[in-house]
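Enquirer: I have a structure I would like to understand better, so I am pasting it below and will then ask my questions one at a time.
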Amino acid sequence: MPTNRQGIIRSKRLTEMGREEIRVRLQQAFAKRWDFTLYKMGFSAVKDDRSNALAGGGRFFFQKEQLPGIVSALSKQFPETAQQIVERSEQICQHRFDLLGYKGVNYGSEIDWQLDAVHDKRTRPHPWFRVPYLDFHEVGDCKVTWELNRHQHLATLAKAYRLTEEGRYAQELFEQWYHWREQNPYPLGINWASSLEVAFRSVSWLWVWHLLDGCPRMPKQFPADLSHALALNGCHIERFLSTYFSPNTHLLGEGVGLFFIGLLCPGIPSARRWQEGGWKIILREAQRQVRQDGMHFEQSMYYHTYALDFFLHSLILAKLNDIAIPQNLYRTVEKMLEVTSALAASEHLPRFGDDDGGRLFDPSRNRSKHLLDPLIPGAVLYDRPDFKARTSHATEELLWLLGREGLRRFDELPARNPENVSLALAASGTYVMRGSGPSSYQLVVDAGPQGAGRGGHGHADALAVQVSGNGKPLLIDPGTFTYADARGERDCFRGTAAHNTVLVDGYSQADPAGPFEWTGRANGTAEFWVAGNAFDFFVGSHTGYSRLSCPVRHRRYVFHLKSRFWVIRDVLEGTGLHKAEVSWHFAPGSLHAIPGGVTFTSDELAPFVLLFTADSSCRKEISEDWYSPVYGRKEPSPTFRVTTSAPLPLEFTTMLIPDSEGGAHPGVLRPMEAVHQGGPVKAFRYSTANKEHHLFFAGKPGNWQLEKYASDATFLYCSTDFKNTVSQFVICEGSYFAFEGRLLFDANLPVKHSEWTREGSDDSTSQLFAAAATRHEPVPKRDDDAEMSSKASQELTQILPATAHSSGNCETLDIKKTTTPA
């Protein structure tokens, strides 16, 4: 029985429905009950005329006469893959299956298709619309049951038969297929409860048909039986589309299923309608589900790849069958590939949001490294050498989708790694900071929306960061682990405490309202971003904690001195006493305390150092948490957590130092406590053996002075050597910078950013890099700054030979539009 809270949620949801949604839902409610009535009366939901509806169908990815050549190429060019196919088939014949992250799940001598064998829970054979598939206590984890019932393992058996010509693989396939039909009569059971799962199963059956066409082990009645089964599947998908239930990859996958069945089974009376309807869904969802920057709107890298698989396979099949492909679909798929390529430039993809664990072609390729797979056929389709990195290789999927000609074209493409630069995907709120040295380090900030619709696959991770080095994870996203469990681990893995961001008063940034929904949103907002030559700088915030009785706003500043370090400043704005906790989750490895922070080591990377300081007393601890590399599997990983209770405003500052600066003596990070003049400014000094780095964060535009530094910038970075000589500086949203009374940078109007470095140059050849945003009127100085400005101008008479000077030719910035509000 639904709880009172569930009743309230349903009543609220009903008031939000439009007329069309109510019509569709009522129509679906009637249809599913009518199907069950027909079943009880002994009638089928679709007519079975015992004909072969697949004869004369559209062209599949390969034709029957191409099979011997493809199988030969698979054996010769992918011998390890071919061996794995045969080994997995041996396991399948013993009814042991690799499902998601679970290996060798044993289903016994007779497969129970309603069973979650991992948790030993079986679904009762209720009508599919009465199966509580999200209730773990009733059905276990439906993902496990559904993964088996997608029947992708049947395609593995079919390929093993073609590779070995051993009839027992085909025999096992047909026995399992007929056993499944017997044990899953329509419309009973969990395996009809999701139209997406029916679509996956349909695509698998179509692969089986084309792989085994002409196989002497095929039962004579199989073509007619398969035709009837696919007709039933198509009828079910069409009538129970997830248009209003789950209009994301569910709806997209259902459209793909209809498109495949309609195109490849022309003998089914509804085939033409399904082909056209499925294609319309694919085209529409390509425009609706993909953001302008090319990222999928679920805010999940895994779902980005999941959707990309659907689009790529459909595009290739449409092209093979001379179906008109709109240019905007071509461009959308290319943009999605560009996102994957750009984010993979440092050889490691970030893992924001849910990890589904499933794939359209080969479900065993479900690790982070496999999310690059779409780039391989994408490189051939779009003739893009930058999609073919020097470390990438052709895949089995490429061979089956584009044939031996696709392999040839891929081999002929020159390998060219994508440019390893910092970048912003503004629409999805993904900001990537990369170094420029020999080591390939990157930090990724999540400052986007929590997800699409109800945010079902997004996590409460606003402003969370991830760090990788040389293709290996350092600071990690926790992954997903499960969608359904008895211990609440679903909410733990997607909650704020499991991510590299700040937790306030013990609450997640948003409250779970079921396994695929949230109460409220923690949408991130980027307030400032610049990628310079030697630095990156990001400022963002979120209002997930505005729901608290004493609202809190979290603002995060991230400064990156390329190939040196990152500084992350977290500011909690508001009033009242609050408990704040910032967590840093490391990849599996060793984490040890050092003065002022921790150092992380692993077998594959040099030491990675984290230094920390705060403006109140804190409790610091190293603990062990969980990390899930793939759905269904979790591993221990170390976490450094800092906790304090203090009145707001409150802030933490963290420095991340990769191996180029870490070593045995990483240096000391501490706040600069000197009395300042002018506007409010927070400053930090990072001291090493031969250099000091100073960072200044001003609360609002205006003149300020602290120790020997003076400026009107909202952010300033300056480094000095052991001779107390300025060696580098960065200024953001300011017009001047003075050091020891000497003017080092002077612009007539405020600039968005400017940078200068002495490195590699003497005073006479110092390099100057300046950049600015759109021209605006200058911001006038306040009256209360006049005295300090006058005094400063009198003192700034001696200019260094390496002075950085910008005149009126420098573009300017309207500071009021981009700085943090007072």
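Enquirer: Is there a residue in region 46-59 that is modelled with pLDDT of 95 or more and in contact with a helix residue (DSSP H, G or I) (Cβ under 8 Å, 6 or more places away or on another chain)?
Expert: Yes, region 46-59 contains at least one residue that is modelled with pLDDT of 95 or more and in contact with a helix residue (DSSP H, G or I) (Cβ under 8 Å, 6 or more places away or on another chain).
Enquirer: Give the number of residues within region 446-467 that are aliphatic (A, V, I, L, M) and in contact with a Leu (Cβ under 7 Å, 6 or more places away or on another chain).
Expert: Summing the residues that are aliphatic (A, V, I, L, M) and in contact with a Leu (Cβ under 7 Å, 6 or more places away or on another chain) in region 446-467 gives 3.
Enquirer: Is there a residue being among the hydroxyl-bearing types (Ser, Thr, Tyr), out of contact with any Asp or Glu (no Cβ under 8 Å at 6 or more places or on another chain) and not in a loop (DSSP other than H, G, I, E, B) anywhere in region 337-354?
Expert: Within region 337-354 (the criterion being among the hydroxyl-bearing types (Ser, Thr, Tyr), out of contact with any Asp or Glu (no Cβ under 8 Å at 6 or more places or on another chain) and not in a loop (DSSP other than H, G, I, E, B)), the answer is yes, since at least one residue qualifies.
Enquirer: Give the residues of region 454-474 that are part of a strand (DSSP E or B) and either of a type in the set (Gly, Ala, Ser) or farther than 20 Å from ARG555 by Cα (or both), sorted by residue number.
Expert: Matches in region 454-474: SER468, GLY469, LYS472, PRO473, LEU474.
Enquirer: Taking the stated definitions as given, is LEU443 open to solvent by 10 Å² or more (accessible area, probe 1.4 Å) and either without any contact (Cβ under 8 Å) to a residue 40 or more places away in the chain or among the aliphatic types (A, V, I, L, M) (or both)?
Expert: Judged against the criteria, LEU443 is not a match.
Enquirer: How do the strands (runs of 3 or more DSSP E) wholly within region 506-611 filter down when requiring 2 or more residues that are farther than 26 Å from ALA424 by Cβ and open to solvent by 30 Å² or more (accessible area, probe 1.4 Å): which remain?
Expert: In region 506-611, 577-585, 590-594 are the strands (runs of 3 or more DSSP E) which contain 2 or more residues that are farther than 26 Å from ALA424 by Cβ and open to solvent by 30 Å² or more (accessible area, probe 1.4 Å).
Enquirer: Take the residues in region 19-60 that are aliphatic (A, V, I, L, M) and assigned to a loop (DSSP other than H, G, I, E, B); name whichever of them is most open to solvent (accessible area, probe 1.4 Å).
Expert: MET41
Enquirer: Has region 187-200 got any residue that is open to solvent by 20 Å² or more (accessible area, probe 1.4 Å) and in contact with a Pro (Cβ under 6 Å, 6 or more places away or on another chain)?
Expert: Within region 187-200 (the criterion being open to solvent by 20 Å² or more (accessible area, probe 1.4 Å) and in contact with a Pro (Cβ under 6 Å, 6 or more places away or on another chain)), the answer is yes, since at least one residue qualifies.
Enquirer: Which condition from (1) open to solvent by less than 10 Å² (accessible area, probe 1.4 Å); (2) closer than 22 Å to LEU337 by Cα; (3) under 17 Å from the mean Cα position of the chain (by Cα) is the one that GLY451 breaks?
Expert: (1)
Enquirer: Right, something else. THR653 - would you say it is surrounded by fewer than 19 Cβ atoms within 10 Å (Cβ to Cβ), in a strand (DSSP E or B) and touching a residue at least 24 places away in the same chain (Cβ under 8 Å)?
Expert: When the stated conditions are applied, THR653 does not pass them.
Enquirer: Residues HIS210, HIS250, HIS228: which one is out of contact with any helix residue (DSSP H, G or I) (no Cβ under 9 Å at 6 or more places or on another chain) and either part of a helix (DSSP H, G or I) or aromatic (Phe, Trp, Tyr) (or both)?
Expert: HIS228
Enquirer: Here is a follow-up. Give region 80-104 a look and list any residue that's within 23 Å of GLU175 (Cβ to Cβ) and either touching a Cys at 6+ places or on another chain (Cβ under 6 Å) or charged (D, E, K, R) (or both), or say none.
Expert: Scanning region 80-104 gives GLU87, ARG88, GLU90, ARG96, ASP98.
Enquirer: Looking at TYR161, TYR133 in this structure, which one is among the aromatic types (Phe, Trp, Tyr), in a loop (DSSP other than H, G, I, E, B) and buried (at least 16 other Cβ atoms within 10 Å of the Cβ)?
Expert: Matching residue, one of TYR161, TYR133: TYR133.
Enquirer: Of the residues that make up region 338-349, is at least one among the acidic types (Asp, Glu) and at positive phi?
Expert: Scanning region 338-349 turns up at least one residue that is among the acidic types (Asp, Glu) and at positive phi.
Enquirer: Among the residues of region 492-503, is there at least one that is modelled with pLDDT of 90 or more, in a strand (DSSP E or B) and over 25 Å from PRO647 (Cβ atoms)?
Expert: no
Enquirer: From the list PHE259, PHE174, PHE245, which residue is at pLDDT below 95 and hydrophobic (A, V, I, L, M, F, W, C)?
Expert: The conditions single out PHE245.
Enquirer: Just to be sure, is GLY104 open to solvent by 10 Å² or more (accessible area, probe 1.4 Å), assigned to a strand (DSSP E or B) and under 21 Å from HIS179 (Cβ atoms)?
Expert: Yes; evaluated as a whole, the condition is true for this residue.
Enquirer: Okay, next question. Checking ASP356 against (1) open to solvent by 20 Å² or more (accessible area, probe 1.4 Å); (2) farther than 30 Å from GLY58 by Cα: exactly one of these is not met. Which one?
Expert: It fails just one condition, (1).
Enquirer: Another question, then. If we only count strands (runs of 3 or more DSSP E) wholly inside region 717-787, which ones have 3 or more residues that are on the phi < 0 side of the Ramachandran plot, buried (at least 17 other Cβ atoms within 10 Å of the Cβ) and at pLDDT 50 or above?
Expert: Correct list: 726-739, 742-757.
Enquirer: Could you list all residues from region 662-718 that are touching a Leu at 6+ places or on another chain (Cβ under 6 Å) and of a type outside the set (A, V, I, L, M, F, W, C)?
Expert: If the condition is that a residue be touching a Leu at 6+ places or on another chain (Cβ under 6 Å) and of a type outside the set (A, V, I, L, M, F, W, C), then HIS676, TYR686, TYR717 are the ones that fit.
Enquirer: If you don't mind, another one. Being part of a helix (DSSP H, G or I), farther than 24 Å from GLY403 by Cβ and either without any contact (Cβ under 8 Å) to a residue 24 or more places away in the chain or open to solvent by 10 Å² or more (accessible area, probe 1.4 Å) (or both) is the filter here; which residues of region 303-329 pass it?
Expert: GLN327, ASN328, listed by residue number.
The values are calculated or read from the model by the stated rules, or taken from the named source; none is laboratory data. Keep in mind that what you see is a predicted model, and the values were worked out from it rather than measured. All Cβ positions, even for glycine, are placed from backbone atoms using ideal geometry, and neighbour counts span all protein chains on display. Just the protein is used for accessible areas: all its heavy atoms, side chains included, with ligands, DNA and RNA removed. Shrake-Rupley method; radii C 1.70, N 1.55, O 1.52, S 1.80 Å.
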